[in-house]
Amino acid sequence: MEEKSWVKRIIMPYFISDNIISSLGFSTEENFNSLLKGEVGIKEIEDTEVYPDKFLASTIDKSRLESEFGKLVAKYSNTKNFTTLEKLIILSIDKSLQNTEVDIKSGKTAIILSTTKGNIDLLDKKRSEKFDKNRDSLWKLGEVIANFFGNPNEVITISNACISGVIAINTAAMYINGKMFDNVVICGGDLVTRFVVSGFMSFLSLSEKPCKPFDKNRNGLSLGEAAGTIILSNLPPKGKQKIKFRGGASANDANHISGPSRTGEGSYISIKKALIEAGIESDKIDHISAHGTATPYNDEMESIAITRHSLQSKPVNSIKGSLGHTLGAAGIIESIILLEEMRNNTLLKTMGFAEIGVSNDINILTENTEKDINTCLKMASGFGGSNAAMIISKE
Amino acid sequence: MEDLFIGKYCHIKNNKVFVDGKLAFAGEETDVLKSFLKNLYRFLKPSYNKFFKMDEISKLGFLATEFLLEDVDISKYEEDVALIFSNSDSTLITDNKHQESIDEDVNFFPSPSVFVYTLPNIMMGEISIRHKLKGENTFFIVENFNAELLTNHINNLFLTNKAKAFIGGWVNLNFHSYEAFLYLVSKDGSAIHSAEEINRIYTNIEE
């Protein structure tokens, strides 16, 4: 009893602004509208710099990035050299700051980055020549971003495989409810690089067609690149649906470093702890945004965790069938799409899904569906046996 | 709310291991890290075959945790043990190893057993498997050891009822040096958990 009353006293932060840059657009709206239309950003790519053979991935329009970034740096009168990922992160943060009163230069504003590999493309000597030493380091990425925006705090980077994004949001929420900061800007980003494509290829985990989350014929994931930014604040947004962070947790399977638990243990625990923090029972969940990578084991594991919480009738989707697995950005951009589903009371179908292919009969969305939704669950899992969950609600 | 206390802590650097600031093992000064870690494994005798397939930074974090949990029963906390690790160079050495296998199209031969270790949290996965720890995991990358960052995160997780016991610290490896510093935080211990005290023990080595 004592624990629950304590939880109710703390300030739960609001989601006040966001942005997604992906193959499907350079704003949250563009991305959401493309997803509504059932567009798929995963395409065949021939680029021997990235991979010796043809491969599938969801990639960002680099000429649009250069053009939009060019206009942005003119505004900040900054003429330094930036890497592709830095440009993406800076542009995404800048866009998310528009129409907010968040002072990015304030000591009460923190920036958290979420990435698995950052500027890893600079390990290739041909690419690193233009940049200073350490530029491939993740802490340096944080420094570049802090300096660009003139933020006085040390930018913290979270690198925790594919759950980085959800952990970053959970961490930011604790910063606000602990009154350490008034606003936290959380940006996730990762690129489709030779490093990552060849690694997943060696794991034989890439699908030959755009990936099919939870489908009977799914046979692997599709990679994607994206940057996404969420701003959490102690104050509600003006003139916008008020959606609050309610609870979040991570948990380890303690089972295998490159395969999920067969009982969904870590995922189950992370959801359980997120529900406890939110102070709600699982039946209050209206909709679930799954990790849904479309690898045989991940989706099976998630169906088990969902069923263990008696959530098998709740509508579930995964947007990886459209945008691929965007690694450190995934937890952020998928949470933003979830926010957008809540703002529009519209649930998105899972692209690539046709017939249930997991042993627990969960409710995968096959059509875009209008529905009043108040409380939603975001799930994430990744290498290292890591799992995370987050619960958000309309106020 | 009860207070949190700092328990045991372990440093590994310059081919020496210190537990609670006192020398616990000294390797050959001239040994490369690989040999030092092998000798340290022989000294501890964990009889754990998975050790041999780990990359060097995971081995380093793994062995530091072996010292930390040698006579501490943390398994009772199971899903309430959080691992909050940090470093500045992520998985630099293993990243370079993977990069060498993909640099040229003619010698293109990436290996999944190398690639999986190009994520810094894999070390926490290995430790979780070894000690059956099912709690929170977070890996932070910052330029230098940052006691405030770790202390705040641990306190926040404790205050939001997400963990009761913690292994916090720093495990870093680059081309020039390595360092592991891990510590326990729970309701057991003598010093109150604070960034000031963490900074004090971080530099407390009785050479």
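Coordinate-derived values only; no laboratory data. What you are looking at is a predicted structure, and each value in this text was computed from that prediction instead of being measured. Neighbour counts run over all protein chains shown; Cβ positions are idealised from the backbone, glycine included.
General remarks:
- Between the range A:184-200 and the range A:254-311, the alpha-carbon center distance in angstrom: 24
- For the range B:117-207, applying the loop criterion from DSSP together with a ceiling of 10 other beta carbons within 10 Å to the chymotrypsin sites (Phe, Trp or Tyr not before Pro) yields B:F175.
- With a cut-off of 15 Å between beta carbons, the residues surrounding B:S88 carry a summed charge of -3, where Lys and Arg count +1 and Asp and Glu -1.
- Peptide ranges A:163-171, A:189-197 listed from the most packed, as the mean C-beta count within 10 angstrom indicates: A:163-171, A:189-197
- Residue-averaged beta-carbon neighbours from other chains (10 angstrom radius) around B:95-106: 4
- For the range A:281-289, Karplus couplings with θ = phi - 60° (6.51, -1.76, 1.60), whole Hz, Gly/Pro x: 8, 5, 5, 7, 6, 9, 7, 10, 9
- Estimated D of chain A in µm² per second, where Rh is the Kirkwood radius over Cα pairs and Stokes-Einstein applies at 10 °C, 1.306 mPa s: 77
- For chain B, modelled as a GNM whose springs connect Cα atoms under 10 angstrom apart, the maximal fluctuation among B:N156, B:N107, B:N39 occurs at B:N107.
- Here each label is just a point 7 Å from Cα along the line to Cβ, and for A:K133 and A:I45 those points are 3.2 nm apart.
- Other protein chain C-beta atoms within 10 Å of residue C-beta, averaged over B:77-89: 3.
- Sequence ranges A:247-260, A:268-281, ranked by mean other-Cβ count within 10 angstrom, highest first: A:247-260, A:268-281
- For the protein assembly as shown, a crude dipole built from +1 on the beta carbon of Lys and Arg and -1 on the beta carbon of Asp and Glu, taken about the Cα centre, is about 680 debye to the nearest 20.
- Average other protein chain Cβ within 10 Å of Cβ, residues A:294-307: 0
- Mean sequence separation of contacting Cα pairs (under 8 Å, at least six apart), scaled by the length of chain A, corresponds to a relative contact order of 23 percent.
- Across the range B:166-207, the mean sequence separation of Cα contacts (distance under 8 Å, 6 or more residues apart), normalised by length, yields a relative contact order of 29 percent.
- The calculated FRET efficiency for the pair A:E355 and B:F109, based on their C-beta separation and a Förster distance of 30 Å, comes to about 0.20.
- What the Cβ-Cβ distance of A:Y76 and A:T369 gives, at R0 = 51 Å and to the nearest 0.05, is a FRET efficiency of 0.75.
- Taking every full run of DSSP H in chain B, the ones that stretch at least 15 Å from end to end by Cα along their long axis and average 0.0 or higher on the Kyte-Doolittle scale are B:33-44, B:56-68, B:147-159.
- Calculated FRET efficiency for the pair A:K179/A:K216, C-beta based, R₀ 60 Å, to 0.05: 0.75
- Extreme residue, positive dipole direction of the protein assembly as shown, given options B:W170, A:N99, B:L63 (C-beta unit charges): A:N99
- Beyond 29 Å, the tail of the calculated P(r) for chain B holds 22 percent of the Cα pairs.
- For the range B:112-158 and the range B:1-67, distance of Cα centres in Å: 16
- The modelled label-to-label distance between B:A191 and A:K62, using points 7 Å beyond Cα along the C-beta direction, is 5.0 nm.
- By the count of other C-beta atoms within 10 Å, a proxy for reagent exposure, A:C162, B:C10 are ordered fewest to most as B:C10, A:C162.
- Net length gained if the chain between A:I11 and A:T346 were fully extended (0.36 nm per residue, minus Cα distance): 117.8 nm
- Rg over Rh for the range B:90-182 works out to 1.06, using Cα positions for both radii and the Kirkwood form for Rh.
- Beta bridges per DSSP with both ends in chain A, % antiparallel, nearest 5: 65
- Once backbone amide H atoms are built at 1.01 Å from N, A:N360 has no partners under 5 Å, excluding neighbours fewer than 5 places away on the same chain.
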